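A.B. asks: Okay, here's the structure, questions in a sec.
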Amino acid sequence: MSDEALANLSTEERRFEPPAGLAAGANLTAASYGDAAADRLGFWAMQAERLSWDTRWEEVLDWSDPPFAKWFVGGRLNAAYNCVDRHVEAGAGDKVAFHWVGEPEGDTRDITYAQLMDEVCQAANALTELGIEAGDRVAIYMPMIPETVVAMLACARLGAPHTVVFGGFSADALASRVLDCGAKLIITADGGYRRGAPSALKPAVDEAVAKVEAEQSGLVENVLVVRRTGQDVAFDQNIDVWWHELVAGSSTEHTCESFDAEHPLYVMYTSGTTGKPKGILHTTGGYLVGAAYTHWGIFDLKPDTDVYWCTADVGWVTGHSYTVYGPLANQSTSVMYEGVPDAPHKGRWWEIIEKYKVSIFYTAPTAIRTFMKWGDEIPAKFDMSSLRVLGSVGEPINPEAYVWYRETIGGSRTPVVDTWWQTETGAIMISPLPGVTAAKPGSAMKAIPGIVADVVNDEGESVPDGSGGYLVIKEPWPSMLRTLWGDDERFKDTYWSRFKGMYFAGDGAKKDSDGDLWLLGRVDDVMNVSGHRLSTTEIESALVSHPKVAEAAVVGASDEMTGQSPVAFVILREAAGDGGTDIVKELRDHVAKEIGAIAKPSKIMIVAELPKTRSGKIMRRLLRDVAEHRDIGDVTTLADSTVMDLIGKGMATSSQD
Ligand code: WT7
């Protein structure tokens, strides 16, 4: 955020009061804050009652060995049972769990809770047949189709932690995740639909399997393949198995076992400040309590009347907590959509809202800004009067986008909840409450009931209202990450070493004069591109793995549409000469191959030198100034201050969008 925008925070005068009707019947009320503050653990125990436990917990929280938390100690439950079976047992078998909408028009499917239960049981039996047992890891690399949810729940049912890898990630990224968590099964599809055309997934899995095989022979025993597009794919009889052959032929009877509340539920990889992604570990009881409570409270979910839609891909944590686990635990009816917002036309999302009478809608600021650019006349063609609560997540939402979202999509009736959280937190942490808060556009407002957040200075002291600093969480919470997969030390270092006894989120924040929170973006070498987290170091490693590259520095430059975008400064190897005419494209494609298309730098500047301090550290701040076309300030600590002149010249000649 620019200094000017920062200064504007304190002058924001607009307040959006909750609609009277919503406030009168809201799930969370002003009293919830007091209840949680008076007895935090009692409050969380009350939230845990939303779930069905086979064995009740003996202790709400064991924090005797921080930062390693145990929640609902001694409790036993099954996550899939809580998301599916118990609703069927309660007589809601005919209720629609998902209105699934494929990208090709007319390709839709309504899935009831009873059908979902049958399919999850079949898949659980099929996985058992493939040798999957409690504790085994399963990688899922899928498009947004019902089988993806079925696969996740089947894993949960068996106590086999899943690791869902976003379908837009490369074969290399998939391979490194499979290796890191030791997955013995990969569930995938032949492909999915993207902008009207089938796009393949299976070839990337084949490539990943070969890579894994070279590193750790025999690790991946099987690949289970859903036929989605029908395109031709290579099929290795030794490891590949068709879903429609194995799963569809399996029994719909499956008795589930309960697991300890701290049994691993899933690992979700996210970018950190080093090149190696971190495997965020979430466990069963606390995570499900957090997802269910926040989904019910922050969106004011009324399971009998609401139709809920979160647009996030299941390959990200938002899809885990707010497309799968939270909504299903709460017996919601949700929309799930396979495709992109502009296929086959730019009103596709609004058409879906109109058709299914969506009442709660959750998406990201990047999408909102894109729709703003496309023009008001597109949403105006659709009846969206069913909407009553809107949510935003993934990055700071600028006040203009917030107000546009509220007015143009929400018809000026709907509260907008700007929800701050992270892969690590598992669930929403800071947000307005739709029935309580007089929300300020652009502010996530306050920690929700049950969560204790603060903004601190370099010494870890709480800053006064009107000041900025680092966002921290001061008390443990049920859906917190338990560790990084296989790396307790990195877990402690990354989150718990900066400020004693506090969780350091990696975000800057400011308290305004009322004490409300404004998130200011990452303070580390992590950037946020369209609400997705990317590491500068990871992109740098990808660039230097190219034979023509000697050195690379990447910064997140602010971008009007995507929040930030990666800009790379590259020094070529002597032998590569000027790199050739296609060097920029070649390097961008290389990054896409190494990580995924979302990590492609928007600009690559070929330069002769990089600005470094005398100790050899790259001065990313200066590079960011160049990338954002700002005047370069004090460069006296540079080892060679002529470097910036050279960079400036490089930018003039080699930048490309
Ligand atoms: C980072 C977490 C969990 C949601 C998807 C992203 C940024 C997230 C907000 C918000 C300002 C936000 C933070 C955070 N972020 N939501 N409402 N306002 N910033 O999950 O990939 O784990 O990224 O996204 O910088 O640290 P993630």
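The values are calculated or read from the model by the stated rules, or taken from the named source; none is laboratory data. Since this is a predicted model, take the numbers as computed values, not measurements. As a convention, Cβ positions derive from the backbone with ideal geometry for all residues, glycine included, and neighbour counts pool all protein chains shown.
A.B. asks: With the stretch 322-428 as the region, which helices (runs of 4 or more DSSP H) entirely inside it contain at least 2 residues that are in contact with an Asp or Glu (Cβ under 9 Å, 6 or more places away or on another chain) and not small (Gly, Ala, Ser)?
C.D. replies: Passing ranges, in order: 348-356, 365-374, 399-404.
A.B. asks: What number of residues within the stretch 246-297 satisfy the criterion of being farther than 17 Å from Leu328 by Cα and under 15 Å from the mean Cα position of the chain (by Cα)?
C.D. replies: Result for the stretch 246-297: 12.
A.B. asks: Now, a different point. Of Ala343, Ala364, Ala380, which residue is farther than 30 Å from Ser52 by Cβ, within 16 Å of the ligand (Cβ to nearest atom) and among the hydrophobic types (A, V, I, L, M, F, W, C)? Even if it seems obvious, please write down each step before you answer.
C.D. replies: Details: Ala343 fails: within 16 Å of the ligand (Cβ to nearest atom); Ala380 fails: within 16 Å of the ligand (Cβ to nearest atom).
The conditions single out Ala364.
A.B. asks: Pull out all pairs, ordered by first then second residue, where Cβ-Cβ is under 7 Å, the residues are six or more apart or on different chains, the first lies in the stretch 186-198 and is within 15 Å of Val247 (Cα to Cα), and the second is of a type in the set (D, E, K, R) and at pLDDT 95 or above.
C.D. replies: Listed pairs, sorted by first residue: Thr188/Lys202; Ala189/Arg228.
A.B. asks: Then there's this: Can Ile473 be described as within 30 Å of Arg413 (Cα to Cα), within 16 Å of the ligand (Cβ to nearest atom), crowded, with 19+ Cβ neighbours inside 10 Å and β-branched (Val, Ile, Thr)?
C.D. replies: No: the conditions fail for Ile473.
A.B. asks: A follow-up question, please. Considering only residues that are of a type in the set (Asp, Glu) and free of Cβ contacts under 8 Å to residues at least 24 places away in the same chain, which ones fall in the stretch 343-388?
C.D. replies: The one that is of a type in the set (Asp, Glu) and free of Cβ contacts under 8 Å to residues at least 24 places away in the same chain: Glu377.
A.B. asks: Also, quick follow-up: Given the structure, is Lys548 modelled with pLDDT of 95 or more, surrounded by fewer than 22 Cβ atoms within 10 Å (Cβ to Cβ) and away from the ligand (no atom under 16 Å from the Cβ)?
C.D. replies: Numbers: modelled with pLDDT of 95 or more: yes; surrounded by fewer than 22 Cβ atoms within 10 Å (Cβ to Cβ): yes; away from the ligand (no atom under 16 Å from the Cβ): yes.
Taking the combined requirement at face value, the residue satisfies it.
A.B. asks: Another question, then. Kindly provide the set of residues from the stretch 538-569 that are in a strand (DSSP E or B) and closer than 15 Å to Ile583 by Cβ, ordered by number.
C.D. replies: Passing the criteria: Val549, Ala550, Glu551, Ala552, Ala568, Phe569.
A.B. asks: Considering only the stretch 342-383, state which residues are aliphatic (A, V, I, L, M) and farther than 21 Å from Pro303 by Cβ.
C.D. replies: Passing the criteria: Ala343, Ala364, Ala367, Ile368, Met372, Ile378, Ala380.
A.B. asks: Also, quick follow-up: For the condition surrounded by 22 or more Cβ atoms within 10 Å (Cβ to Cβ), touching a strand residue (DSSP E or B) at 6+ places or on another chain (Cβ under 9 Å), of a type in the set (Lys, Arg) and modelled with pLDDT of 95 or more, what is the one hit in Arg157, Arg177?
C.D. replies: That would be Arg177, the only listed residue that is surrounded by 22 or more Cβ atoms within 10 Å (Cβ to Cβ), touching a strand residue (DSSP E or B) at 6+ places or on another chain (Cβ under 9 Å), of a type in the set (Lys, Arg) and modelled with pLDDT of 95 or more.
A.B. asks: Now a separate question. Exactly one condition in (1) in a loop (DSSP other than H, G, I, E, B); (2) of a type outside the set (D, E, K, R); (3) within 16 Å of the ligand (Cβ to nearest atom) is not met by Gly579; state its number.
C.D. replies: (3)
A.B. asks: Would you mind finding the one in Gly426, Gly442, Gly391 that is within 15 Å of the ligand (Cβ to nearest atom), in contact (Cβ under 8 Å) with a residue 40 or more places away in the chain and in contact with a Gly (Cβ under 7 Å, 6 or more places away or on another chain)?
C.D. replies: Only one candidate passes the filter, namely Gly426.
A.B. asks: Among the residues of the stretch 394-420, write down those that are touching a residue at least 40 places away in the same chain (Cβ under 8 Å), near the ligand (Cβ under 9 Å from one of its atoms) and not aliphatic (A, V, I, L, M).
C.D. replies: Gly394, Glu395, Pro396, Thr419, Trp420
A.B. asks: Give just the number: which of (1) part of a loop (DSSP other than H, G, I, E, B); (2) surrounded by fewer than 23 Cβ atoms within 10 Å (Cβ to Cβ); (3) away from the ligand (no atom under 13 Å from the Cβ); (4) in contact (Cβ under 8 Å) with a residue 60 or more places away in the chain does Trp296 not satisfy?
C.D. replies: Checking Trp296 against (1) part of a loop (DSSP other than H, G, I, E, B); (2) surrounded by fewer than 23 Cβ atoms within 10 Å (Cβ to Cβ); (3) away from the ligand (no atom under 13 Å from the Cβ); (4) in contact (Cβ under 8 Å) with a residue 60 or more places away in the chain, the one that fails is (1).
A.B. asks: A follow-up question, please. For the stretch 597-609, which residues satisfy the criterion of being buried (at least 24 other Cβ atoms within 10 Å of the Cβ) and outside any helix (DSSP H, G or I)?
C.D. replies: Correct list: Pro601, Ile604, Met605, Val607.
A.B. asks: If you don't mind, another one. Hey, could you check the stretch 528-545 for residues that are crowded, with 20+ Cβ neighbours inside 10 Å and among the aliphatic types (A, V, I, L, M) and say which is nearest to Gly394 (Cα to Cα)?
C.D. replies: Val529
A.B. asks: So, one more: So, in the stretch 495-516, exactly how many residues are closer than 24 Å to Pro66 by Cβ, assigned to a strand (DSSP E or B) and of a type outside the set (Phe, Trp, Tyr)?
C.D. replies: Selection size over the stretch 495-516: 4.
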